[in-house]
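Asker: Structure provided below as structure tokens; questions to follow.
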Amino acid sequence: MEILLTNDDSIDSPLLKLAIDFLKSAGNLKVVVPEDEQSWKGKSVTRFSDMVMKP
């Protein structure tokens, strides 16, 4: 099973590690989270700066 785990609270979210530990045994887990908190930015648009993904 392919599992994608995301959040908008950043990598420092207190429950992220718990969710990862729980889900990693259920299938192929990929985690995509922002470096900084992005809460309440669901409709924001990035026009003037680059978006960068880090492994």
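Asker: Going by the conditions given, is K24 surrounded by 12 or more Cβ atoms within 10 Å (Cβ to Cβ), of a type in the set (K, R) and modelled with pLDDT of 90 or more?
Answerer: yes
Asker: Related question: If you scan the stretch 30-55, which residues turn out to be surrounded by 10 or more Cβ atoms within 10 Å (Cβ to Cβ) and aliphatic (A, V, I, L, M)?
Answerer: V31, V33
Asker: Any residue at all in the stretch 9-18 that's touching a strand residue (DSSP E or B) at 6+ places or on another chain (Cβ under 6 Å), surrounded by 10 or more Cβ atoms within 10 Å (Cβ to Cβ) and among the β-branched types (V, I, T)?
Answerer: The answer is no; no qualifying residue exists.
Asker: Could you run through the stretch 11-21 and say how many residues are within 19 Å of S39 (Cβ to Cβ), among the acidic types (D, E) and modelled with pLDDT of 95 or more?
Answerer: Total satisfying the criteria: 0.
The values are calculated or read from the model by the stated rules, or taken from the named source; none is laboratory data. What you are looking at is a predicted structure, and each value in this text was computed from that prediction instead of being measured. Please note: Cβ atoms are built from the backbone with ideal geometry, for glycine as well, and neighbour counts cover all protein chains shown.
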